[in-house]
Amino acid sequence: MKAREKERTLRERFGAAIRRTDVTSPGRWCLYVAPEAIREVCRFVFREMDARYVISVGMDDRPYSGRFLVSHNFAFDRDGILAAFLAELPPDRPEIPSIAGEVPAAGWAEREFRDLVGIEPKGHPYPKRLVLPDGWPDGVHPLRKDHAWNEVPEDWDDEVTFRFDDPPEGCTVVPFGPFHPTLDEPAHFRLYVEGETVRGCEYRGFMVHRGIEKLAESVMSYNDIPMLAERICGICGCVHNVAYAQAVESAAGIQPPPRAEYIRTVMLELERLHSHLLWVGLACHILGFDTLFMQAFRIREPLMWIAEKISGNRKTYSLCLVGGVRWEITPPLAAELRGILDRLEKEWNEVAQAVGRDRNIQRRTRGVGMADARLVKELGLLGPVARAAGVDIDCRRDHPYAAYDRVEFDVVVELDGDVWSRVLVRVREVFESIRIIRQCLEKMEPGPIQTPIDEELLPGRIGLSSVEAPRGESHHFVVTGENNRPRRWRVRAPTYQNLQGVPAMIRDQTLADMTIALGSIDPCFSCTDRLETVDLRTGLVKVWSQAELEQLVRARKSH
Amino acid sequence: MSLLSKVKEAWVGLRAGRVTLAYPAAPAPAPERFRGRPIFDAAKCIGCAGCANNCPAREILVYDVCQEIRILKYLGRRCTYCGRCADVCPENAITMSREFETATPRIGDLQQRIELFMSTCQRCGRCFDPPSKLDELKLRGYRFDDLENERWIFRSSAYLEGQPVVDDVPLEMD
Ligand code: SF4
Ligand code: SF4
């Protein structure tokens, strides 16, 4: 087995630093590493074994094992393995050597567990606060188990504002956001501009934290969480819903029935279709080309109607429970869906042919927002951004889930790494999705759609699941727990990684291209900002808008 | 080349049908499976509290006035219309209606309150047979959700000793 071979390589190289390993299923691998060695092991895995960085998770495991845990997750895409490299830390001194120097993609995730769980990444190159609001007192870590879900620290001060870094020499600062016509959600980019050219930027996001993980870990139960998970994102909600259910299934060894897997596949692809159509429309809108924006939305609408007919809602499908799905695709619905796909294929073909040669769009998008294969590797960029840079990754093929191992499709790859390539990737992926749904409808056998679960889930099991969202891989990490709910649930939406690539993508580009470069990763801020305590949300937004508006108004006046 | 693509784009636009509905000028009936506002049928409800325990939004409260009288209240505030309550209800007392025009300045328009006369089994979670182990009642016996402040009480310290009170309304039973 491939995981065993890799284990041998690591054991030969690191000896006793590899404490124990556990191949939970053919594609899932947990490996406990001595904390002192974690940086070197991760560097080796990332550089020499060519693993893709996925996410780092911090956990407060003190009530159960008496320790803190950190898990660095990597994916071996060619071998179909999702691996968790875990380190156990003492309860009194939760520190771990930072891997961000070796694996730049881990930059945010380490800052996040520093904020939320209070595990110190020693030697982090840029240990600035990432997630917690600026008025949050030091030393209070909301994801620790002794912090109640609805507890606001007494010395919380909502007057404190963010401390910006100094801009580089000779640059002017142009604030972009938190509210901007092309941003659907609040995020703040502080652009350093020299003339018309962007030289760099500082990002402050996490303004719409909703405390989802904390809520799930302390209040909800296994079968409640799918409905919460799908509310992480308004566009790829079903992705999170399925990814969560699969993570629990992978931890508990539950196998959903084949028909349920097909239905999951159909709904996920329906979601990709509507998301890609929406994205192409929005991208045109950002470029000022509203005709195509309207057409993309018109073509998309029947997809929303059929989703509503199948699931009872246009967008929040409420599809999965652990071990199955809730909605059956009856023969009349399948027939209707087929008709809609035929029409969509025809209409999209016309659009694709027209857009494919449109020079105006190309002039605005070629050579803009560059992300090459090296950047993709370093920062762990995902989905269409990676595929547009010639990096051939797609979880549907690399880590097959649901029914993707039973259907045929091509992974669309382009080579230029600019926004135009991302447009082409998404335009062509629409046809692949249509193909997948047709095959599913063909191959689905009648049968149950829910596995009976007669026993409680055993606590302390680790589950990993990756689902290819329209924007890239959504990764869910679950540790099962007591009281009918997980101990730890970590969601890594694709935008979490892709946003980290934005500063590099816009460097040395003109200011006017900022919007489409950012738009091209299809950012989804609320997916990224899914943490933190709910009550503070309004306070946080208020602080930001005030400070920002004041700053803006003052800037205007001085003109 | 670009001119041709402009012509093609114009062609796509010109031949376009219409997907915009005349709603609200004309009614837009929701499809059959549509999940709208849940409606509770007091005649069918047996007060098992299965819905209350499996509502992800904690929108359904249960309060035991005494051994025989149980109050079930649907809050209608942040209900996500997920339909889980209707799924787990053993008596089909909940229907996911096709109502979606629920905007109102008075929350009372949406709320539903049922008073139930219970037979005496109280330790079994009023006989709720969960569809799977994951839907099992997390609260058994008497329920004292906070009707006045419309809050779900996750645990009362009285009957789960040694565990921390998670919510902010600690209850004591004598
Ligand atoms: S529809 Fe969902 S959110 Fe609304 S009451 Fe029923 S279970 Fe709760
Ligand atoms: S699940 Fe049905 S029968 Fe039980 S309390 Fe709710 S409405 Fe009544």
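Worth pointing out:
- Cβ-based charge dipole, the protein assembly as shown, positive-most Cα from B:127, A:105, A:460: A:105
- FRET efficiency for the residue B:44 to residue A:194 pair, using the beta carbon distance and R₀ = 51 Å, is estimated at 0.10.
- In range of the label at residue A:50: residues from region A:363-395 whose backbone nitrogen is under 15 Å from the point 7 Å along Cα→Cβ: A:373-374, A:377-378, A:390-394
- Nearest-0.05 FRET efficiency for residue A:408 and residue B:109, computed from C-beta distance (R0 60 Å): 0.70
- Region A:134-206: C-alpha pair distances exceeding 16 Å, %: 63
- Pair residue B:117, residue A:65: separation of 7 Å Cα→Cβ label points (nm): 5.7
- Over chain A, relative contact order from alpha-carbon pairs under 8 Å, at least 6 apart, %: 17
- Spin-label model, residue A:373/residue B:28: points 7 Å from Cα along the beta carbon direction are separated by 4.7 nm.
- Computed from backbone phi, the HN-Hα couplings of region A:202-214 come to 10, 10, 10, x, 6, 8, 10, 5, 10, x, 5, 5, 5 Hz, rounded to whole numbers (Karplus: 6.51 cos²θ - 1.76 cosθ + 1.60, θ = phi - 60°; Gly and Pro given as x).
- With 5 Å bins from 0: P(r) over region A:214-330, alpha-carbon pairs, percent: 2, 12, 19, 21, 16, 12, 8, 6, 3, 1
- Size estimate for region B:31-130 follows the Kirkwood approach: the inverse of mean 1/r over distinct Cα pairs works out to 13.9 Å.
- DSSP-defined beta bridges in region A:157-299 - what % are antiparallel, rounded to 5: 100
- Flagged links, alpha-carbon separation over 24 Å, of A:128/A:214; A:214/A:309; A:346/B:6; A:6/A:377: A:214/A:309
- Global form of region A:2-163, assessed from the alpha-carbon gyration tensor, a/c cut-off 1.5: prolate
- Per residue, chain A reaches -13000 deg cm²/dmol at 222 nm when only DSSP H runs of four or more residues are counted, each adding -39500 (n - 2.57).
- Computed from point charges on the beta carbon alone (+1 for Lys and Arg, -1 for Asp and Glu), the dipole magnitude for region B:31-130 about its Cα centre is near 300 Debye.
- Cα-centred dipole magnitude for chain A, charges only on beta-carbon of K, R (+1) and D, E (-1), debye, nearest 20: 760
- Cross-link partners for residue B:73 among the lysines, with Cα-Cα distance under 21 Å and sequence neighbours closer than 8 places in the same chain left out: B:44, B:138.
- Whichever aspartates and glutamates have a C-alpha closer than 12 Å to that of residue B:133, once near sequence neighbours (fewer than 8 apart) are set aside: A:454, A:455, A:456
- More than 15 Å apart - percent of Cα-Cα pairs taken over region A:1-74: 58
- Taking every DSSP beta bridge that has both ends in region A:2-163, the antiparallel portion is near 75%.
- Equivalent ellipsoid dimensions for chain A as semi-axes, Å, which come from the Cα gyration tensor, largest first: 33, 32, 23
- The modelled label-to-label distance for the pair residue A:152/residue A:454, using points 7 Å beyond Cα in the direction of Cβ, is 4.9 nm.
- Here the average projected area of the convex hull drawn through the C-alpha atoms of region A:69-157 stands at 7.0 nm².
- Three-way shape call for region A:212-519 based on the alpha-carbon gyration tensor, with the a/c threshold at 1.5: oblate
No lab work stands behind these numbers, since they all come straight from the coordinates. Here the structure is a predicted model, which means the values were calculated and not measured. Glycine also receives a Cβ, built like all others from the backbone with ideal geometry; neighbour counts cover every protein chain displayed.
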